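The values are calculated or read from the model by the stated rules, or taken from the named source; none is laboratory data. What you see is a predicted model, and the numbers here were worked out from it, not measured in a lab. No Cβ is skipped: glycine too gets one built from the backbone with ideal geometry, and neighbour counts run over all protein chains shown. Note: accessible area is taken over every heavy atom of the protein model, side chains too, but ligands, DNA and RNA are not part of it. Shrake-Rupley method; radii C 1.70, N 1.55, O 1.52, S 1.80 Å.
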Amino acid sequence: MEVILTIVSALFGSAIGSFLNVCIDRLPTGRSLLYPPSHCETCQHPLSPKDLIPVFSYLWLRRRCRYCQAPIPLRPFWVEVGSAFLFAFTYWHYGLSVDFAVVAFYGCLFIVLGVIDLEHELILNKIVYPVAVVALVISIFRPPPGIIDISLPWPLLGMVNGVIGGAIGFVFLLIPLLIYPKGMGWGDVKMAGLIGLVTGSRLVLVALLMGVILGGLVAGILLLLKIKKRKEAIPFGPFLSLATMATLIWGSGILNWYLGLF
Ligand SMILES: [Zn+2]
């Protein structure tokens, strides 16, 4: 039964993934998410239901538009596969629970933020601001881990932990931005605030430090292999996204392991 439900979660995730692709395609240019319906970007032909089966249509059509044979970009496929994996893994890890819903929701959010930053070097306010409000509401019902044990009445506890986390995250990336403005942008700083709100004050630095280390490692490798030049910017959002998801799932374990080293 568990296996069947994990597969169902994966299929559901891949369908969510096709919606995330629509968000990634349309939000940066301000187009509507609902209209026009999905179409080929080359010949504008509307796609029929059989062209829109997540993951499988892609393999079945061999990456080509059914109508004009133009190659279809690779990203939609990977976003669908990634979302399928996200839902299958979070279901398997948490079971059918509030944690599953919340972590899967944040996973979708960080896929959209990360991929848009990767493609456009942009972190969109119109995603960050509304999600910050949603994260604040979620923190009331599912308080993120706090930095100190404070006893506050519901609904303050979760909100206070989230807001302190957001402030720590914001300041943590604001300082390097002020010292060296070319290194990153305001988008990264706001995203760090959102990450603090999501992970809570106890784990926000776990997420941000992991993102910095991951980004630094990949940037170093790209420089060594001469794929990127020293002056070229490398978007930070995808690394922050990955690190935040790892922190949401394993953060307490990672922090305890790190503190155990001393
Ligand atoms: Zn076409």
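Details
- Restricting segment 22-38 to residues that are in a helix (DSSP H, G or I) and either away from the ligand (no atom under 16 Å from the Cβ) or among the β-branched types (Val, Ile, Thr) (or both), the residue that is surrounded by the fewest Cβ atoms within 10 Å (Cβ to Cβ) is Thr29.
- Just one of (1) outside any helix (DSSP H, G or I); (2) touching a residue at least 24 places away in the same chain (Cβ under 8 Å); (3) closer than 28 Å to Leu118 by Cα; (4) open to solvent by 10 Å² or more (accessible area, probe 1.4 Å) fails for Pro181. It is (2).
- Some residue of segment 144-159 being touching a residue at least 60 places away in the same chain (Cβ under 8 Å) and in a helix (DSSP H, G or I): no
- Filter result for Gly166 (in a helix (DSSP H, G or I), of a type outside the set (D, E, K, R) and in contact with a helix residue (DSSP H, G or I) (Cβ under 6 Å, 6 or more places away or on another chain)): yes
- When Gly215 is tested against (1) open to solvent by 50 Å² or more (accessible area, probe 1.4 Å); (2) free of Cβ contacts under 8 Å to residues at least 60 places away in the same chain, exactly one condition is not met: (1).
- On the stretch given as segment 6-56, residues that are out of contact with any Asp or Glu (no Cβ under 9 Å at 6 or more places or on another chain) and of a type in the set (D, E, K, R) total 3.
- Those residues of segment 184-210 which are outside any loop (DSSP other than H, G, I, E, B) and touching a residue at least 60 places away in the same chain (Cβ under 8 Å), in sequence order: Gly187, Asp188, Lys190, Met191, Gly193, Leu194, Leu197, Val198
- Scanning segment 100-130 for residues being touching a Pro at 6+ places or on another chain (Cβ under 7 Å) and among the aromatic types (Phe, Trp, Tyr) gives a total of 0.
- Among (1) under 25 Å from the mean Cα position of the chain (by Cα); (2) within 14 Å of the ligand (Cβ to nearest atom) - the single one Phe12 does not satisfy: (2)
- Options Glu41, Glu80: the member that is under 18 Å from Ile116 (Cα atoms) and open to solvent by less than 30 Å² (accessible area, probe 1.4 Å): Glu80
- Of all residues making up segment 60-75, the number that are more than 9 Å from the ligand (Cβ to nearest atom) and aromatic (Phe, Trp, Tyr): 1
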